[in-house]
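Okay, structure first, notes after.
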């Protein structure tokens, strides 16, 4: 085992080669299995310790080799320290960060992300939040229409509106749709339909309906005259 080999004054290269041989491996196969570069394994195998990578890398490689070849890596890390084969990488002597690994988000980075998300949201929703509402009328669809009946229903829908008014009277919205029954007076009837939004502007459209009652048939006129005559005689 490792302590016996150390006591026999064997260096790591001899120990390493014995372990690789006992596992029936080649350095190439070991490189494929562990992900350690073949060059580093060849340096270990040939006792070319001066060419080994800095300490943080070597510690990591030794831990992987310890698991694969079944030995205690700490014993041999101490050995490398004794023979001054552990080279410092400077700074905190830690493994460099993987540039593809997820990094923790700092506070100012999080604030920037939140700000960007809000800007994108308001950018896409600017019209809906601050823009003008729109009105589409199903009836009356044209600016001026005629009607032969007294009672009609104004109907339509609006987008991006919070309130709707017809001639100043509030009309409830149901899924952006509205209906308003009105009673026409003979002649021209004008309607101001206004849509408003809480943080935006307002949109107003005008519609006019000319109420022209259908003429009574002759029989109805006779009955009406007779009724009028009877009322006068009484």
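The values are calculated or read from the model by the stated rules, or taken from the named source; none is laboratory data. This one's a predicted model, so the numbers in the text were calculated from it and none came from an experiment. We place every Cβ from the backbone using ideal geometry, glycine too, and count neighbours over all the protein chains shown.
Looking at the range 1-66, what helices (runs of 4 or more DSSP H) fall wholly within it and have at least 3 residues that are surrounded by 17 or more Cβ atoms within 10 Å (Cβ to Cβ) and at pLDDT below 95? Spell out how you get there, then give the answer.
Values: elements: 2-7, 12-22, 27-34, 38-45.
Those helices (runs of 4 or more DSSP H) span 12-22, 27-34, 38-45.
Consider residue 133 carefully, then state whether it is farther than 10 Å from residue 209 by Cβ and buried (at least 16 other Cβ atoms within 10 Å of the Cβ).
On the way: farther than 10 Å from residue 209 by Cβ: yes; buried (at least 16 other Cβ atoms within 10 Å of the Cβ): yes.
Yes: the conditions hold for residue 133.
Of all residues in the range 139-156, which are in a strand (DSSP E or B) and more than 15 Å from residue 192 (Cα to Cα)?
The first filter runs over the range 139-156 and keeps only residues in a strand (DSSP E or B), leaving 139, 144-147, 151-156.
Once the filter is applied, which keeps residues that are in a strand (DSSP E or B) and more than 15 Å from residue 192 (Cα to Cα), the range 139-156 yields 146, 147, 151, 152.
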